[in-house]
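What follows is a short report on a single structure.
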Amino acid sequence: MSFLRTHPNGALGLEAVGMTKRFGGMAALDDVTCRVSAGTFHALLGENGAGKSTLVKCVMGYYHADQGQIAVGEQERAIANPKDAHALGVGMVYQHFTLVPGMTVAENLVLSRTHVPAVVDWAAERKALEAFMAGMPFRVPLTVPVSALAAGEKQKLEILKQLYLKNRFLILDEPTSVLTPGEADEVLGLLRRMTREGKLTVLTITHKFREVMAYADEVTVLRRGRFAGTGKVADLTPADMAEMMIGAKEIPKGASRLATPLGEPRIEIAGLKALNDGGLAAVEDLDLTVRAGEIVGIAGVSGNGQRELVEVLAGQRPPAAGEIKVCGERYAATRAEMKRHRLCLLPEEPLRNACVARMSVAENMSFRTFDDPPNARGGWWLNGAAMRGAARELIQLYKVKTPGPDAPIGTLSGGNVQRAVLARELASDVRVLIVANPCFGLDFAAVADIRSQIMQARNRGAAVLLVSEDLDELFELADRILVMFDGHLVHETPTTQADIGVIGQHMAGH
């Protein structure tokens with residue numbers, strides 16, 4: 001099919017040709033070309049740092065490319081800023097919401113326009129908005145404050161806002177990261193219908209192959225800032241796309257699940273209550289048991305109490321009520337208890353929650369053992385040479401890419417920070433492992449390594465509690481999946497019997 005610049009029903013085509021963007025001496029984009037036909041659903045794939053965000057920011061005018069041209073519709077265009085992009089009919093829905101929570105849906109829509117009258121005739125505006133909603137594939141109640149909307153409704157509103165602004169080329173950045181599977185299918189299905197009708201063109205940044213295979217017409221793949229391939233989805237498999245993304249013949253394989261018998265309870269939680277930062281209940285009346293030799297996965301849309309649960313277990317947030325036992329003993333999350341029970345943690349955002357960025361890799365790797373021989377004499381005289389020696393062994397064993405043990409850990413990439421923390425936590429014979437969103441934003445190799453280490457800990461008999469917003473990750477690793485909604489555990493199923501539709505319904509509170 002030849003490139004269609006403008007569909008008769010209004011959808012726009014877009015070409016970004018020969019795009020190069022440098023930041024200092026680093027080329028974030030190196031002669032990248034991406035062609036999106038009008039009226040198609042196009043996926044932009046690539047690992048973390050491949051240049052996807054840089055490319056779309058150049059298209060939107062947030063960045064100015066050092067070289068390259070952009071054509072929108074029928075001709076080449078100069079896009080100096082996002083206002084220019086919007087004037088051409090190009091809009092973007094970001095990974096994080098850009099709505100004003102205290103305003104109603106109607107107010108968010110009207111005030112998003114470039115030109116808003118000094119005195120708004122709200123009766124006329126609401127009438128016009130009702131007419132607009134009547135022609136849309138989905139609708140959101142106009143008089144409700146955004147703060148009262150569920151995550152799926154907020155994502156729909158972000159998309160409706162772009163359509164209200166008459167944008168006909170829509171860029172989506174990880175559009176389903178805050179949605180349940182059912183909500184994701186609804187939103188993507190409706191957008192695909194609009195592309196089929198020629199009313200809209202969609203370019204989506206995603207890492208979810210399931211959604212690519214189900215909804216996208218074509219893909220463009222970037223690798224390390226360069227164009228790595230393109231093609232029709234009907235002619236490709238996930239393995240083909242992964243090969244383009246990572247330059248390897250196979251997706252890295254993780255450790256296999258061993259059929260090991262369950263052991264004794266290692267984590268026992270009864271009636272747990274925890275408050276959020278505002279003093280409101282985030283976790284209520286939660287009961288949970290994790291046994292030796294199993295991975296229990298907790299699914300849920302972000303903001304339903306998962307973060308507070310992990311912080312209680314990590315000693316970063318006091319429980320408001322309830323009882324926690326680890327290895328049969330009352331547990332208050334002290335460092336002494338963690339050492340005695342060999343309880344280890346890989347928290348979300350480990351650079352912020354489990355490291356001191358300015359301290360060295362060796363020092364960060366020694367947090368568990370800095371006061372034990374040979375790292376210390378007499379419990380306080382630190383032996384830097386011993387710490388560096390132990391760190392070198394862990395760096396090699398866990399494939400941490402770093403200039404050396406003395407490099408500040410804050411200078412490492414996200415995946416290598418994850419590897420370094422995991423090396424520290426698994427360096428001893430772990431009995432209890434608590435992990436939260438361990439692979440968010442990481443590349444294929446890092447994801448495979450980290451998931452493999454988690455599975456190996458389980459196979460060695462550790463009790464693993466895995467909190468993740470990635471259902472694919474839970475289905476791959478967990479023996480049991482529990483769903484958390486509004487601070488409660490609302491559903492439980494063995495993974496072998498799990499139904500993604502049922503899990504999605506419970507994630508949405510149905």
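The values are calculated or read from the model by the stated rules, or taken from the named source; none is laboratory data. Being a predicted model, the structure only gives us computed values, none of them experimental. Virtual Cβ from ideal backbone geometry, glycine too; neighbours counted across all protein chains shown.
Scanning region 326-340 for residues that are part of a loop (DSSP other than H, G, I, E, B) and in contact with a Gly (Cβ under 9 Å, 6 or more places away or on another chain) yields a total of 3. Being touching a residue at least 40 places away in the same chain (Cβ under 8 Å), hydroxyl-bearing (S, T, Y) and closer than 27 Å to T54 by Cβ holds for only one residue in T195, T176, T180, and it is T195. Checked against the criterion of being touching a strand residue (DSSP E or B) at 6+ places or on another chain (Cβ under 7 Å) and either outside the structural domain of G49 (by TED's automatic domain parsing) or surrounded by 18 or more Cβ atoms within 10 Å (Cβ to Cβ) (or both), region 388-406 contains one or more residues that satisfy it. Within region 215-247, the set of residues being in contact with a strand residue (DSSP E or B) (Cβ under 9 Å, 6 or more places away or on another chain) and acidic (D, E) comprises D217, E218, D240, E243. Of all residues in region 189-211 being among the aliphatic types (A, V, I, L, M) and at pLDDT 90 or above, which is surrounded by the most Cβ atoms within 10 Å (Cβ to Cβ)? Looking at the filtered set, the residue picked out is L200. Checking each residue in region 397-409 for being within 19 Å of G384 (Cβ to Cβ) and either part of a helix (DSSP H, G or I) or aromatic (F, W, Y) (or both) picks out only I409. Each residue in region 314-346 was checked for being under 30 Å from A386 (Cα atoms) and out of contact with any Asp or Glu (no Cβ under 8 Å at 6 or more places or on another chain), and 10 of them qualify.
How many residues are among the charged types (D, E, K, R) and either in contact (Cβ under 8 Å) with a residue 60 or more places away in the chain or touching a His at 6+ places or on another chain (Cβ under 9 Å) (or both) if we restrict to region 329-348? Here the count works out to 3. Considering every residue within region 103-125, establish whether at least one is touching a residue at least 40 places away in the same chain (Cβ under 8 Å), outside any strand (DSSP E or B), surrounded by fewer than 16 Cβ atoms within 10 Å (Cβ to Cβ) and within 29 Å of the chain's Cα centre (by Cα). Checked region 103-125: at least one residue is touching a residue at least 40 places away in the same chain (Cβ under 8 Å), outside any strand (DSSP E or B), surrounded by fewer than 16 Cβ atoms within 10 Å (Cβ to Cβ) and within 29 Å of the chain's Cα centre (by Cα).
In this structure, Q162 qualifies as in a helix (DSSP H, G or I), more than 30 Å from G24 (Cα to Cα), of a type in the set (S, T, N, Q) and touching a strand residue (DSSP E or B) at 6+ places or on another chain (Cβ under 7 Å).
Applying a threshold of 7 Å to beta carbon distances and a minimum spacing of six or more residues, or different chains, the list of pairs starting in region 72-97 at a residue that is free of Cβ contacts under 8 Å to residues at least 40 places away in the same chain and ending at one that is of a type in the set (F, W, Y) and surrounded by 12 or more Cβ atoms within 10 Å (Cβ to Cβ) reads P82/Y62.
W380 meets all of the listed conditions (1) without any contact (Cβ under 8 Å) to a residue 12 or more places away in the chain; (2) in contact with a Lys or Arg (Cβ under 8 Å, 6 or more places away or on another chain) but one, namely (2).
Among the residues of region 222-233, not a single one is of a type in the set (A, V, I, L, M, F, W, C), within 21 Å of L466 (Cα to Cα) and in a strand (DSSP E or B). Checked against (1) assigned to a helix (DSSP H, G or I); (2) over 24 Å from the mean Cα position of the chain (by Cα), N167 passes all but condition (1).
The set of residues in region 475-510 being on the phi > 0 side of the Ramachandran plot and either small (G, A, S) or within 18 Å of the chain's Cα centre (by Cα) (or both) consists of G487, G509.
Can you confirm whether region 38-45 contains a residue that is among the polar types (S, T, N, Q), closer than 30 Å to A151 by Cα, in the same structural domain as G198 (by TED's automatic domain parsing) and without any contact (Cβ under 8 Å) to a residue 60 or more places away in the chain? No: zero hits. Name the single residue, out of those in region 459-474 being surrounded by fewer than 24 Cβ atoms within 10 Å (Cβ to Cβ) and more than 16 Å from the chain's Cα centre (by Cα), that is nearest to F209 (Cα to Cα). Residue satisfying both the conditions and the ranking: N459.
Within region 22-38, not a single residue is more than 21 Å from F227 (Cβ to Cβ) and polar (S, T, N, Q).
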